[in-house]
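*Asks:* Before I ask anything, let me first share the structure, which is written out below as structure tokens.
Each value in this text was obtained by applying a stated rule to the coordinates, not by laboratory testing. Predicted, not measured: the structure shown is a model, and the values here were computed from it. Note: ideal-geometry Cβ built from the backbone for every residue, glycine included; neighbour counts use all protein chains shown.
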Amino acid sequence: MLDDVITRPAVEQVELLRRRQVSSRELVTAHLERIGAHPEINAVVAVDDAAALRAADAIDAARARGETLGPLAGLPMTVKDCWDVAGLVSTDGDPRWRDHRPTRDAPVVARLRAA
């Protein structure tokens with residue numbers, strides 16, 4: 001089922017989350033599996049599986065408590081390597097930046113996290 005779900009538009013994935021037809025953890029796990037399927041193409045430069053799963057669990061718990069969540073809560077996302085994500089390598093496509101680990105999110109990343 002989740003192979004089908006992760007190829008759907010984001011708006012449909014969000015609706016499935018909202019209706020509790022799929023959990024954020026399930027959705028994140030499916031996306032992580034897809035990202036890891038072909039590491040040789042290096043399509044996603046940096047991934048923090050543990051942090052993604054912790055965030056998914058926190059969203060699932062908040063949803064279970066009936067908390068009001070943002071419109072994108074629980075939806076897995078990636079951002080282009082040119083945007084800083086706190087703690088993750090951000091190379092901007094340049095091997096000379098392979099050790100660059102920003103300490104804070106770029107504004108666009110912070111906004112996505114808050115959504």
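*Asks:* Please report, in cubic angstrom per residue, the volume enclosed by the convex hull of the alpha-carbon atoms of the chain.
*Replies:* It is 106 Å³ per residue.
*Asks:* When only Cα pairs under 8 Å and 6 or more residues apart are kept, what is the percent relative contact order across segment 1-78?
*Replies:* Across segment 1-78, relative contact order equals 41 percent.
*Asks:* Contour minus end-to-end for GLU33 and ASP4, with contour as 0.36 nm per residue of separation and end-to-end as the Cα-Cα distance?
*Replies:* Stretched fully, the GLU33-ASP4 segment lengthens by 9.1 nm.
*Asks:* With each label point set 7 Å from Cα along the Cα-Cβ vector, what nm distance links ALA115 and THR91?
*Replies:* Rounded to a tenth, the inter-label distance reads 2.7 nm.
*Asks:* Less than 14 Å Cβ to Cβ from LEU53, Lys/Arg counted +1 and Asp/Glu -1: what total charge do the surrounding residues give?
*Replies:* In short, -4.
*Asks:* Now a separate question. Over segment 46-115, what is the relative contact order in percent, taking alpha-carbon pairs closer than 8 angstrom and at least six residues apart?
*Replies:* Once normalised by length, the contact order is 27 percent.
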